[in-house]
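Step one of this worksheet: look at the structure below.
Nothing in this text is a laboratory measurement; each read-out follows from the coordinates by a stated rule. Predicted, not measured: the structure shown is a model, and the values here were computed from it. Heads up, the Cβs are rebuilt from the backbone with ideal geometry, glycines too, and the neighbour counts pull from every protein chain shown.
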Amino acid sequence: MAGTLVVAELSDGKVRKATFNAITFAKQVGAPFAILAMGAGAGGAAKDLAGFGAQKVLTVDDAGLKDYVCEKFAPTVAKVAKDGGYDTVVVTATAFGKDIAPRIAGKLGAGLAPDINLVKVDGGSRKYRRPTYAGNAFSWLEIATPVHVVSVRPTEFPAAEPAGGGSPIEAVAAAPQDPAASKVEFLKVETGKSERPDLGEARVVVSGGRSLKEQFKQVLEPLADALGAALGASRAACDAGYAPPELQVGQTGRTVAPQLYVAVGISGAIQHIAGMKGSKVIVAINKDPEAPIFQIADYGLVQDLFVAVPELIKELKS
Amino acid sequence: MKILVAVKRVADPDNLNKIKLSAQGKVDTTGLEPKPSPYDDYALETALRLTENGTNTKARLGEVIVATFGPKEAEQMLRAMLGTGADRAIRVDATDEALDGDLVARGLKGIVEKEKPDLVLLGYQQAEHESNEVGQLLAEYLGWPQASSAGHIQSEDDKSLLVGREIEGGVATVRVTLPAVVTVLDKIVKPKSVQSKHTAATHAYPEGVRFAALMAIMAAKKKPLAEMKLADVAPDATLKVKYGAAELPPKRAAGVKVKDVKELVQKLKTEAKVV
């Protein structure tokens with residue numbers, strides 16, 4: 001195979017961490033790889049990508065690419081992939097990568113392996129494994145087209161470590177935009193302002209369920225502070241308005257795999273478990289001893305959370 | 001507005017933890033009741049909200065067509081959706097084994113070229129393979145704009161939509177000019193997530209999707225349900241990906257129950273070494 005193109009994910013001109021997980025995929029595959037950094041400020045971000053053993057870092061630093069719009073980004077990714085003869089294009093399985101990967105695949109006539117958690121290289125053939133059926137199966141798939149497009153689940157590939165050296169940085173021009181690009185107008189991004197670590201990147205996540213009611217923040221924030229944790233929530237807690245929607249962990253929310261996941265008052269619906277069962281250590285606190293969350297928790301505490309959580313904070317600080 | 005909603009029948013999404021592996025190592029969903037993929041139900045609900053005044057949900061101010069790629073048995077799902085409020089249904093005869101997401105997108109393109117809808121709505125992913133790809137592929141093949149993972153949609157007029165796309169930690173808002181492809185998340189069926197130009201902004205829908213009244217289900221038997229062959233909509237049925245064997249993920253064994261907070265913290269410190 002002729003080589004892999006890693007599409008870096010940038011945010012405000014900075015490299016998002018999931019990019020380093022995608023670089024690990026490229027290294028596992030073994031073929032030479034290049035990294036593409038695109039967007040306004042990509043030239044600056046390229047320096048942070050030069051130490052990972054890529055043959056080169058390509059940059060498309062274009063003021064017209066300030067805000068991510070699929071129809072503006074995908075044509076350039078496809079053109080760079082074609083011009084360089086790359087046979088594999090890899091993106092992060094994040095909101096960005098999940099949005100753009102199919103559009104890149106469509107342009108390249110390529111098959112897509114979305115949200116993979118493992119790759120197996122056997123001579124010239126490659127198999128991709130991905131979680132399916134709400135995380136209840138891992139399915140293997142093969143791509144029949146010469147070019148592959150892959151999105152990798154960040155939590156399943158360790159972040160690449162800088163290998164030293166410096167990949168040459170090469171500026172390339174943006175491709176002409178899709179006609180569809182003029183039909184999408186980016187208006188704004190609103191993000192919940194938070195001093196806490198990002199849910200997808202935190203070492204510890206403290207998650208709460210509906211039973212916290214209006215006291216969601218009041219009870220959980222001190223615990224998250226004590227653990228240096230990100231806050232998460234069940235879908236039920238978000239739907240009921242006790243927690244903001246961006247905290248939702250699960251199939252339709254974020255997929256997390258921290259070192260420690262503390263589930264507080266969460267019963268453990270299938271769709272919630274699908275989003276957190278990759279966590280290294282799971283703690284469940286619930287007063288219902290039959291709650292399904294206990295079936296996957298490493299440490300279960302059957303107790304009223306309103307009693308247990310304040311005690312836990314005190315004990316952690318002592 | 002004329003809206004095409006792409007839907008798929010899947011194994012009961014609430015019981016996917018009961019799947020097994022067959023002797024050939026494939027996923028076996030025997031015993032699980034076939035149901036519409038939940039996000040497809042949400043897409044249909046979105047289409048209905050966009051083509052009605054929320055205070056009179058019986059009068060359709062536009063047209064809603066549901067389409068699926070599936071076997072004869074999938075018609076039961078389409079009939080139920082006609083009962084819920086869709087005007088017409090299309091079934092393209094196919095089995096899952098003969099399809100991949102790319103071929104479904106190519107087939108939907110064929111349907112779009114015949115039907116010329118203003119908007120195609122889909123669930124952001126189907127509940128079995130969870131590939132999150134068909135909407136974006138369809139938009140690419142049509143040369144249309146896309147807005148994936150929508151949690152909020154507002155129809156400004158018949159020419160454009162304001163779409164709130166859920167991204168990590170927040171919402172990105174885009175204006176898409178129709179015709180367009182939009183994929184929806186579960187949040188789209190919250191009481192005020194869809195704002196149609198026909199409905200007062202103050203109107204709040206009940207939480208979730210609507211259910212068909214018995215009378216409507218009876219009446220739906222007279223609504224048109226067309227059957228097509230895959231070759232009618234997608235002349236080239238070549239697959240780009242092929243699923244092989246599956247494996248069951250390592251089961252997380254239930255751990256231990258601790259008697260109190262003290263023991264919990266002690267174990268987290270000395271045994272798990274995570275705090």
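Remark: the protein assembly as shown carries a charge dipole of roughly 460 debye about the Cα centre, counting +1 on each Lys and Arg Cβ and -1 on each Asp and Glu Cβ. Since only A:ALA81, A:PRO168, A:GLY43 are under comparison, the one whose Cα sits farthest along the positive direction of the charge dipole of segment A:4-183, derived from C-beta charges on Lys, Arg, Asp and Glu, is A:ALA81.
In this simple spin-label model, placing a label point 7 Å from the Cα along the Cα-to-Cβ direction at both A:ALA144 and B:ALA226 gives a separation of 2.7 nm. Excluding same-chain neighbours fewer than eight residues apart, the aspartates and glutamates reachable from A:LYS277 by a Cα-Cα span under 13 Å are A:GLU156, A:ASP298. For segment A:134-230, the set of GluC sites (Glu not before Pro) satisfying both a DSSP loop assignment and a count of at most 15 other C-beta atoms within 10 Å is given as A:GLU195. Note on B:LEU248/B:LEU214: beta-carbon distance plugged into 1/(1 + (r/R0)^6) with R0 of 41 Å gives a FRET efficiency of 0.50.
The angle between the Cα long axis of helix B:38-50 and the longest principal axis of the Cα atoms of chain B comes to about 40 degrees, rounded to the nearest 10. Residues within the reach of a label modelled at A:LYS217 (point 7 angstrom out along Cα to beta-carbon, backbone nitrogen below 19 Å), restricted to segment A:161-191, are A:190-191. Each Cα pair under 8 Å and six or more residues apart adds its sequence gap; the mean of these over the residue count of chain B is a relative contact order of 24 percent.
For the listed residue pairs A:LYS79/B:LYS192; A:LYS82/A:LYS280; A:LYS98/A:LYS120, the alpha carbons are over 29 angstrom apart in A:LYS79/B:LYS192; A:LYS82/A:LYS280. For chain A, hydrophobic long helices are taken as DSSP H runs at least 15 Å long by C-alpha position along their axis with mean Kyte-Doolittle hydropathy of 0.0 or more; these are A:18-29, A:95-108, A:216-227, A:305-317.
Placing a pseudo-label 7 Å from each Cα along the Cα-to-Cβ vector at A:ALA163 and A:ALA2 gives an inter-label distance of 2.1 nm. The charge dipole of segment A:148-291, taken about its Cα centre with unit charges on the Cβ atoms of Lys, Arg (+1), Asp and Glu (-1) only, comes to about 360 debye.
Taking the charge dipole of the protein assembly as shown about its Cα centre, with +1 at Lys and Arg Cβ atoms and -1 at Asp and Glu Cβ atoms, the residue from A:LEU223, B:SER37, B:ALA272 reaching farthest to the positive side is B:ALA272. Adding -39500 (n - 2.57) for every DSSP H run of four residues or longer, then dividing by how many residues chain A holds, sets the calculated 222 nm ellipticity at -7500 deg cm²/dmol.
Computed over chain B, the per-residue total of -39500 (n - 2.57) for DSSP H runs of n ≥ 4 gives a 222 nm mean residue ellipticity of -7000 deg cm²/dmol, rounded to 500. Please work out whether segment B:109-249 counts as rounded, prolate or oblate from its C-alpha gyration tensor, where a ≥ b ≥ c are the square roots of the eigenvalues and a/c under 1.5 means rounded, while otherwise a/b larger than b/c means prolate and anything else oblate? It comes out rounded by the Cα gyration axes. Would segment A:80-129 count as rounded, prolate or oblate if I go by the C-alpha gyration tensor, calling it rounded below 1.5 in a/c and otherwise prolate when a/b exceeds b/c, oblate otherwise? Oblate.
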